[in-house]
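Everything below concerns the one structure shown next.
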Amino acid sequence: MIKHNILITGGAGYVGTVLTKKLVALGHDVKVIDLCIYGEEVLGDTLQKSNFKLFKGDIRDRALLETSIPGSDTVIHLACISNDPSYELNPDLSKTINYDAFVDILDISKKSGVSKFIFASSSSVYGVKETENVTENLSLEPLTDYSKYKALCEELLLKEQIPQMTSVILRPATVCGYSPRLRLDLTVNILTAHAINKNKITVFGGNQKRPNIHIDDIVDYYIALLDMPKEKIAGNIFNAGYENHTVSQIAEIVKEALGKDIPIDTVPSDDNRSYHISSAKIQKELGLAPKKTIRDAVLDIKNAFETGEIKNWDDINYYNVKKMKTIGFK
């Protein structure tokens, strides 16, 4: 293994926490920039490791970026207002985080001699497509400001490519499964929590497709990109998903995995967001394929409830919108 000096923005977030802990355990030198609004304790004993450093602060703080990015050979940019409902709480604020800060992070990374820049975009940038297999060469038709600014970040990253810095974009599906910085506002996770705690699953709409990927798989993809040859990934874009299921199908998977006769209540919804992606390219070109399923994610969350890792499923820390409203994030 090549030892890397890695900076992760959002390294105390839902995906970031799992990624940070794994990279530190592998022996890499890891720096994290994160406001830690969900608590830094989610990083556990990683906080005490000699190969880890936390910069508790805001990615909009250019001075902080100029302090923390230099010395890194790799930047993994995860930090953002991370879904449509959260973004819409304050679109102007969200733009400063999801786009304006990205401009600074990219600029300082280039000036600091970062050799690899990995950007976490989103599969939502495609919008609604009738095509059965939504591949990376299709046009982007984002439906929301969240996905629009993800697309604009992609555009800027590709436009600003330099030979000295390998830039690569992942477009992950909706992530599912357990993390110490848990989110229960994601489709698989919330349906599982409802089934366990309410003994009922409520599905809004149901026909919308939601591609998913297990959190352990997407974390392993980011780690695999660290040592991928430049010629395979430079200026490249990869979808990263596992299965495209409708929300109703996901509810059935949850019910089967829990092994309980749980009623599924379907109610109307005006949420027309429906995404389905092909992840054939990343498997063919990079050899990366998911090892875990939606069922695995359901069982992970079930186990976390049973072991007491999830103590109170109503905790606002599990719901981005509730948390941001409560703290008056600005």
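Among the listed residues T46, T17, identify the single one that is of a type in the set (V, I, T) and free of Cβ contacts under 8 Å to residues at least 40 places away in the same chain. Give the derivation first.
Details: T17 fails: free of Cβ contacts under 8 Å to residues at least 40 places away in the same chain.
Exactly one residue qualifies, and that residue is T46.
How about region 134-156: which of its residues are touching an Asp or Glu at 6+ places or on another chain (Cβ under 9 Å) and without any contact (Cβ under 8 Å) to a residue 24 or more places away in the chain? Within region 134-156, L140 is the sole residue that qualifies.
Every listed requirement among (1) at pLDDT below 95; (2) surrounded by 19 or more Cβ atoms within 10 Å (Cβ to Cβ); (3) polar (S, T, N, Q) is met by S279 save one, (1). Inspection of region 301-309 identifies no residue that is in contact with a helix residue (DSSP H, G or I) (Cβ under 8 Å, 6 or more places away or on another chain), crowded, with 17+ Cβ neighbours inside 10 Å and under 14 Å from T174 (Cα atoms). Which ones in region 278-330 are in a helix (DSSP H, G or I) and of a type in the set (G, A, S)? Matches in region 278-330: A280, A297, A304.
The values are calculated or read from the model by the stated rules, or taken from the named source; none is laboratory data. Since this is a predicted model, take the numbers as computed values, not measurements. All Cβ positions, glycine included, derive from the backbone under ideal geometry; neighbour counts span all protein chains shown.
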